[in-house]
Amino acid sequence: MKAQALHGHLDALLLAVLEQGELHGYAVIEALRARSSGQLDLPTGTIYPALRRLERAGHVASSWSTVNGRERRTYRLTESGRASLAGERAGWREFSATVGRFLDPAGPPAAPA
């Protein structure tokens, strides 16, 4: 799956990955790949700018550490990020249910207004 297909959803996916605990950048990429059974194999040039954008927005905080002599940045979800993720989940449920009424032939018909 290409990064372009995730337009508008990447931030929510990153927040959901970090909800499980703090991770360094490459571990975030690996978690996306693992949780999607390999469907989300996104390049660092997509993930790192998104993590920095989330940090500027206050949804993610980061800190530097040295592991085996290498510097790496570790990211963690903030309270603002948790609130944003909750909003993203609610929006996704609504969007998915609405689109599903059209695209899921086995789905229930929409209730009359």
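Name the single residue, out of those in region 4-38 being at pLDDT below 90 and more than 12 Å from the chain's Cα centre (by Cα), that is surrounded by the most Cβ atoms within 10 Å (Cβ to Cβ).
Checked region 4-38; the qualifying residue surrounded by the most Cβ atoms within 10 Å (Cβ to Cβ) is ALA5.
Remark: pairs (first residue in region 32-50, more than 14 Å from LEU6 (Cα to Cα); second residue in a helix (DSSP H, G or I) and not basic (Lys, Arg); Cβ separation under 8 Å; 6+ apart in sequence or on different chains) = ARG35/VAL17; THR44/GLY25; THR44/TYR26; THR44/ILE29; TYR48/GLY25. Scanning region 63-77 for residues that are out of contact with any Asp or Glu (no Cβ under 9 Å at 6 or more places or on another chain) and surrounded by 13 or more Cβ atoms within 10 Å (Cβ to Cβ) turns up ARG72, ARG73. Please specify each residue of region 39-94 satisfying the condition of being over 13 Å from the mean Cα position of the chain (by Cα), of a type in the set (Asp, Glu) and closer than 15 Å to GLY8 by Cβ. Selection gives GLU94 alone.
Can we say VAL28 is in contact with a strand residue (DSSP E or B) (Cβ under 7 Å, 6 or more places away or on another chain) and among the β-branched types (Val, Ile, Thr)? Considered against the rule, which asks whether it is in contact with a strand residue (DSSP E or B) (Cβ under 7 Å, 6 or more places away or on another chain) and among the β-branched types (Val, Ile, Thr), VAL28 comes out as yes. Applying the set (1) acidic (Asp, Glu); (2) out of contact with any His (no Cβ under 8 Å at 6 or more places or on another chain); (3) closer than 16 Å to ARG76 by Cα to ASP41 leaves exactly one unmet item: (3). Of all the residues in region 44-62, those that are touching a helix residue (DSSP H, G or I) at 6+ places or on another chain (Cβ under 7 Å), surrounded by 13 or more Cβ atoms within 10 Å (Cβ to Cβ) and more than 14 Å from ARG72 (Cα to Cα) number 6. For region 62-94, filtered to residues that are among the aliphatic types (A, V, I, L, M) and at pLDDT 95 or above, the residue that is nearest to HIS24 (Cα to Cα) is LEU77.
The values are calculated or read from the model by the stated rules, or taken from the named source; none is laboratory data. All figures in this text were calculated on a predicted structure; none of them were measured in a lab. Positions of Cβ are backbone-derived with ideal geometry, glycine not excepted, and every protein chain shown enters the neighbour counts.
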